[in-house]
Every structure is written in C-alpha cells, then in structure tokens.
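Readers should treat all values here as calculations from the given coordinates under stated rules, not as data from a laboratory. This is a predicted model, so every value here is computed, not measured. In this analysis, Cβ positions are derived from the backbone assuming ideal geometry, glycine residues included, and neighbour counts consider all displayed protein chains.
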Amino acid sequence: MARKVIEKLDCDGCLKKEGKEVDAVMKLIIGPDEYHLCGPHGEKFRALLAEALGTTTDTALSA
Ligand SMILES: [Zn+2]
C-alpha cells in the first residue's frame, strides 16, 4: 500500500507574530536559517532584501 505524504508548512511570520497557521507558499534560506512564508510575508521579505541589496524585483513596492 502506497502512502503519499504531503508536507504542510505554516508561515513562520504569521505563526510567530499572530499565532495563526497560514499555509506557506515560499521558502527563504539564508545560510543555516530556513523560513517558510505565506504570499504576503514572502513578498515583504523579497522587497526588504531587494532594497537592502540594491537589486530590483518585479514586485512593486507599494505602500
Ligand atoms: Zn505570513
């Protein structure tokens, strides 16, 4: 009997800040640290990193 295991990850940002379990849709790895993030949190970190590194993304930094 085959069993399919589906790994479900929660957004670290939502879980730590609001105590909510929100499905993570992206992963951020910096050295030994690994974070799983939902859409909004992922985009937020992408924008922050892009700004810090002086790179541009296709994501609009809307306020
Ligand atoms: Zn989140």
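Observations on the model:
- Residues satisfying the stated conditions in segment 23-41, i.e. free of Cβ contacts under 8 Å to residues at least 24 places away in the same chain and either part of a strand (DSSP E or B) or under 10 Å from D12 (Cα atoms) (or both): D23, A24, M26, K27, L28, I29, I30, D33, E34, Y35
- Filter result for E21 (out of contact with any Phe, Trp or Tyr (no Cβ under 7 Å at 6 or more places or on another chain) and more than 12 Å from the ligand (Cβ to nearest atom)): no
- Among residues of segment 24-43, those that are more than 8 Å from the ligand (Cβ to nearest atom), touching a Gly at 6+ places or on another chain (Cβ under 9 Å) and hydrophobic (A, V, I, L, M, F, W, C), counted: 3
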